[in-house]
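The next block holds one structure in the form of structure tokens; read it before the comments.
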Amino acid sequence: MTDTTAAPKKHLAPLPKLLLDLGPLLLFFFANSWGGIYFATGAFMVATLVTLAISYYLIRRFPVMPIVTAVIVMVFGALTLWLHNDTFIKLKPTIIYVIFAVVLLAGLATGRPLFKIVLDGALHLKEEGWKKLTVNWSVFFLAMAVVNEFVWRSFTTDQWVAFKTFGFLPITLLFAFSQAPIMLKYAEKEPGAKS
């Protein structure tokens, strides 16, 4: 008799995940300092694909958010290089943030907690907790889209690159930490976990 129970999904530990998220951003910043925005865009595209491959090697699957991000990086990076216009790579964060917000809000409107999919099983919450997190993150993503638009339109390319590298990530981490009380309040045990 064969065992039909699915093997539990592997998840990246927080430190490797942070390194994989930070790697392309730091490379983008240093490549921009060394060779300018177009060189940095190419380096960022390659680094994004490399981190995706490393992620797959470590957990044997592609999580949703890195795939969506990689597709947008490739499209907007290619447009930046092909048309030799850095507006496209500057728009990339705005587009990603708006897509995430719209998808999360659409899921909320249709009664499907898409945030569970986005977090790829890393959290187990009661439905009310998923709803609150979805609303909070949707508003946050829309606010970050506005911030990105303001920064790239108001400052130099080098200043935008620095803010993208050293501004967005700390802001996102602080916001994520601010959501801890909701996650604790509505936490549920992982399905199949022993009491």
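Consider segment 53-69. How many of its residues are within 12 Å of the chain's Cα centre (by Cα) and farther than 17 Å from Val98 by Cβ?
Number of matching residues: 3.
Considering every residue within segment 118-127, establish whether at least one is open to solvent by 70 Å² or more (accessible area, probe 1.4 Å), acidic (Asp, Glu) and modelled with pLDDT under 90.
yes
If you check Leu174 against the conditions, is it open to solvent by 60 Å² or more (accessible area, probe 1.4 Å), in a helix (DSSP H, G or I) and not hydroxyl-bearing (Ser, Thr, Tyr)?
yes
Can you name every residue in segment 79-95 that is surrounded by 15 or more Cβ atoms within 10 Å (Cβ to Cβ) and β-branched (Val, Ile, Thr)?
The answer is Thr80, Ile89, Thr94, Ile95.
Within segment 68-83, is even one residue of a type outside the set (Gly, Ala, Ser), assigned to a helix (DSSP H, G or I) and at pLDDT below 90?
yes
Could you please let me know if Val98 is open to solvent by 70 Å² or more (accessible area, probe 1.4 Å), under 18 Å from the mean Cα position of the chain (by Cα), under 21 Å from Val73 (Cβ atoms) and modelled with pLDDT of 90 or more?
It is false that Val98 is open to solvent by 70 Å² or more (accessible area, probe 1.4 Å), under 18 Å from the mean Cα position of the chain (by Cα), under 21 Å from Val73 (Cβ atoms) and modelled with pLDDT of 90 or more.
Hey, among the residues in segment 59-78 that are surrounded by 13 or more Cβ atoms within 10 Å (Cβ to Cβ) and without any contact (Cβ under 8 Å) to a residue 12 or more places away in the chain, which one's nearest to Asn32 (Cα to Cα)?
Of everything passing the filter in segment 59-78, Val75 is nearest to Asn32 (Cα to Cα).
I'd like the full set of residues that are of a type in the set (S, T, N, Q) and more than 22 Å from Val161 (Cβ to Cβ), limited to segment 40-66.
The one that is of a type in the set (S, T, N, Q) and more than 22 Å from Val161 (Cβ to Cβ): Ser55.
(1) over 24 Å from Arg153 (Cα atoms); (2) at pLDDT below 95: which one isn't true of Val46, the others all being true?
Of the numbered conditions (1) over 24 Å from Arg153 (Cα atoms); (2) at pLDDT below 95, the odd one out for Val46 is (2).
The values are calculated or read from the model by the stated rules, or taken from the named source; none is laboratory data. Remember, predicted model here, so these are calculated numbers, not experimental data. Here the Cβ is made from the backbone with ideal geometry for all residues, glycine too, and neighbour counts use every protein chain on show. Surface accessibility is based on the protein's heavy atoms, side chains included, excluding ligands, DNA and RNA. Shrake-Rupley method; radii C 1.70, N 1.55, O 1.52, S 1.80 Å.
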